[in-house]
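See structure below.
A short reminder: the numbers here are calculations on the coordinates, not readings from a lab. Bear in mind the structure is a predicted one, so any value in this text is a computation, not a measurement. No Cβ is skipped: glycine too gets one built from the backbone with ideal geometry, and neighbour counts run over all protein chains shown.
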Amino acid sequence: MLSSASAYAESVDMVMIYIISVSVILLLGITAAMIYFVIKYNRKRHPKAKQIEGNVALEVIWIAVPLVIVLSMFWYGYVDFYELRNVADLALTVKVKAQMWKWNFEYPNGKKTDTLYIPVDETTKLEMTSIDVNHSLYIPAFRLKEDVLQGRTTYMILQPIKTGSFDIACAEYCGLNHAYMYTKLHVLPKDEFEKWLNEGMESKESAPADTVKTGTNISAN
Ligand SMILES: [Cu+2]
């Protein structure tokens, strides 16, 4: 089985495999039929062509079968897509700002980074906007990509199921140093994430550690 980094990566892969499988079967089937007909109905064996007109059964089949196949591809993809875009129980919201040529991540307590940190087994929402041109946040390991545009807020839902570091790239050519927009997504255990989130924030607010508000509602355990 494919090892996946997020809750939906595997279902995205399954949709992909399904569509490629259907395509390969059709390619082989059509090619085989074509070769068979070329040999069987070549001019030497059938010097006189016979005109065939209309076959209702055949026409119904070649409309119905592709229709069902195409709709199944759509449905298979749509079911997971709908679920992924409508997640309700969010643990954390991170504001993402894209600019030529870097990412800026802002946490609820005001902490800002150029690398993204999120807790494992929790749902994080990224609210994304650009301060200049079009960018696109792409996390290959999560099979997620979303455009980041000026004057509009787009979003992405992250549901990591294992800890680790993953690549983040900009997937929309945004100018000369587009390639500089590579950064990392670090998925941490919940307690480590809480610790990281509050690091450096305490001294800034010059308040005792136990009164510092994290601004998140991640359940501590
Ligand atoms: Cu970019």
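Some observations on this one:
- FRET efficiency, 1/(1 + (r/R0)^6) with R0 25 Å, evaluated for Ile131 and Leu90 via beta carbons: 0.55
- Expressed in units of 2.2 N^0.38 Å, where N is the residue count, the Cα radius of gyration of the chain is 1.51.
- Neighbour-count order for Ile157, Ile17, fewest beta carbons within 10 angstrom listed first: Ile17, Ile157
- Cα-derived Rg to Rh of the range 9-85, Kirkwood definition: 1.19
- Remark on Tyr117: its backbone amide H falls under 5 Å from those of His186, a criterion applied only to residues 5 or more positions apart or on other chains, H modelled at 1.01 Å from N.
- HN-Hα J in Hz across the range 43-60 - Karplus 6.51, -1.76, 1.60, θ = phi - 60°, x for Gly and Pro: 5, 5, 7, 10, x, 10, 6, 10, 7, 10, 10, x, 8, 4, 4, 4, 5, 4
- With θ taken as phi - 60° and the Karplus curve 6.51 cos²θ - 1.76 cosθ + 1.60 applied, the whole-hertz 3J(HN,Hα) list for the range 85-96 is 8, 10, 7, 9, 7, 7, 8, 7, 10, 10, 8, 10 Hz, x standing for glycine and proline.
- Counting every other Cβ atom within 10 Å of each residue's Cβ, Lys50, Lys40, Lys102 order from fewest to most as Lys50, Lys40, Lys102.
- Extension reserve of the Lys48-Ser23 stretch, reckoned as 0.36 nm per residue once the Cα distance is removed: 5.5 nm
- Sequence-distant residues sharing a close amide H with Ser6 (under 5 Å, placed H): Ile161
- Extension gain, Lys184 to Asp80: 0.36 nm times the residue separation minus the Cα-Cα distance gives 34.9 nm.
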